[in-house]
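K.L.:
If you scroll down you'll find the structure; I have some questions about it.
The values are calculated or read from the model by the stated rules, or taken from the named source; none is laboratory data. Note that the structure is predicted; figures quoted are calculated from it, not measured. Please note: Cβ atoms are built from the backbone with ideal geometry, for glycine as well, and neighbour counts cover all protein chains shown. Calculation scope for accessible area: heavy atoms of the full protein, side chains included, ligands and nucleic acids excluded. Shrake-Rupley method; radii C 1.70, N 1.55, O 1.52, S 1.80 Å.
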Amino acid sequence: MNWKMTFRWYGDDDKVTLDHIRQIPCMRGVVSAIYDTPVGEVWSNASIDAMRRKVEKHGLTFEVVESVPVHEEIKLGGADAPRLIENYCENVRRLGKAGVKCICYNFMPVFDWLRSELAHTRADGSNALSYDHATVLAMNPLTSELSLPGWDSSYTKAGLQELLAKYAAIGEEELWRNLTVFLQAVIPVAEQVGVRMAIHPDDPPWGIFGLPRIITNRENLARMMRIVDSPANGITLCTGSLGVDPNNDLVEMIHAFRGRIPFVHLRNVKITGERCFEESGHVSEQGSLDMYRILRALHETGFDGYARPDHGRMIWGETGRPGYGLYDRALGAMYLYGLAEAIEKEDRA
């Protein structure tokens, strides 16, 4: 196959070790980041090199970074945005020099991916992340104790309140303008150093807590790519994030964005109601997405980037970071790899 299977790893504090990951038969690389530097500052060459050497020592590659976080001042178009954008460009330069080929990032205000329950008990006895829109509408982000791997836990209550107030003063078009400034600065740098930028869709792909969200559907993804029309300005096709909205046709998107998808997050979700879903095993029959059709579309469009099994259930008594256990993601990787191999051999027959 022309693409590489990878696995998300959160560094030395991750309960899933590099020794575990290297034993998954189809695994080629690790997707990680530098976690010792505040958001918005420049990553040290020493930290980047240490990560690369540690991963390569285990027979894996470090070619995808997820993520280089975009500082809120950039999203807000604040006074410090020019300095922070230049810092971001320097990180892209350093990562490109270190052999990184793809950087996944997002432009979601304040909160990264959001769920209402971290350990929803499923019918098979496993537990998984789930989302109930009515529950989320009733949540107060200033008082909720819910914590997710994507959230910035450094915000104080006062700081979060101030940040939410700033976003209340801007709408979607202002966020688009600030994304435009960011892309026009960053994409030329990425081109120069051979890095493909891959924006991650908003998760879930609709507004929460009154915050503007813009990376939600085919129309908006196409608009984002038109801002700087370059192969270096691409998307992370996250099947779970986009797939919870039945209006998003993933197969059609894959064909429409051929050549602009350097990174894919592969997972399944079970839609249980309007704007309600739970995460399932990766196999098609357990969720609402046809993983065979998705993998076939990637094959038909010549996908040659990186993919990883995304959020998994917690099974067999495993505990750890919600959505990021070892066992179910490893099962998912093998299922997805098997589908891809079978599709490739079908077309050779």
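K.L.:
For the range 278-298, what are the residues that are closer than 19 Å to His200 by Cα and part of a strand (DSSP E or B)?
P.N.:
The one that is closer than 19 Å to His200 by Cα and part of a strand (DSSP E or B): Glu279.
K.L.:
Just checking, how many residues over the range 59-83 are surrounded by fewer than 19 Cβ atoms within 10 Å (Cβ to Cβ) and either closer than 15 Å to Val193 by Cα or of a type in the set (A, V, I, L, M) (or both)?
P.N.:
Matching residues across the range 59-83 total 1.
K.L.:
Report, by residue number, each residue of the range 201-241 that is without any contact (Cβ under 8 Å) to a residue 24 or more places away in the chain and assigned to a helix (DSSP H, G or I). I'd like the intermediate steps shown before the answer.
P.N.:
Narrowing the range 201-241 to residues without any contact (Cβ under 8 Å) to a residue 24 or more places away in the chain: 207, 219-220, 226, 229.
Passing the criteria: Glu219, Asn220, Arg226.
K.L.:
Any residue in the range 170-185 that is without any contact (Cβ under 8 Å) to a residue 40 or more places away in the chain sitting within a Cβ distance under 9 Å of a residue that is surrounded by fewer than 20 Cβ atoms within 10 Å (Cβ to Cβ)? List the pairs, counting only those 6 or more apart or interchain.
P.N.:
Partner pairs satisfying both residue conditions: Glu173/Pro212.
K.L.:
Do you know which of the residues in the range 210-251 that are at pLDDT 95 or above and of a type in the set (Lys, Arg) is surrounded by the fewest Cβ atoms within 10 Å (Cβ to Cβ)?
P.N.:
Checking each candidate, the answer is Arg226.
K.L.:
Another one. Please identify the pairs in which a residue from the range 51-67 that is without any contact (Cβ under 8 Å) to a residue 12 or more places away in the chain has its Cβ atom under 7 Å from the Cβ atom of a residue that is in a strand (DSSP E or B), counting only partners at least 6 apart or on another chain.
P.N.:
Within 7 Å, the pairs are Glu56/Phe62.
K.L.:
Only residues that are surrounded by fewer than 19 Cβ atoms within 10 Å (Cβ to Cβ), touching a helix residue (DSSP H, G or I) at 6+ places or on another chain (Cβ under 8 Å) and not charged (D, E, K, R): list them for the range 41-58, please.
P.N.:
Val42, Asn45, His58, listed by residue number.
K.L.:
Mind listing whichever residues of the range 299-349 are in a helix (DSSP H, G or I), in contact with a Leu (Cβ under 6 Å, 6 or more places away or on another chain) and within 30 Å of Ser116 (Cα to Cα)?
P.N.:
Leu336
K.L.:
Where residues in the range 166-209 are open to solvent by 60 Å² or more (accessible area, probe 1.4 Å), of a type outside the set (D, E, K, R) and over 30 Å from Asp304 (Cβ atoms), which of them is modelled with the highest pLDDT?
P.N.:
Among them, the one singled out is Val181.
K.L.:
Out of (1) surrounded by 21 or more Cβ atoms within 10 Å (Cβ to Cβ); (2) under 18 Å from the mean Cα position of the chain (by Cα), what's the single condition that is false for Leu118?
P.N.:
Status for Leu118: all satisfied but (1).
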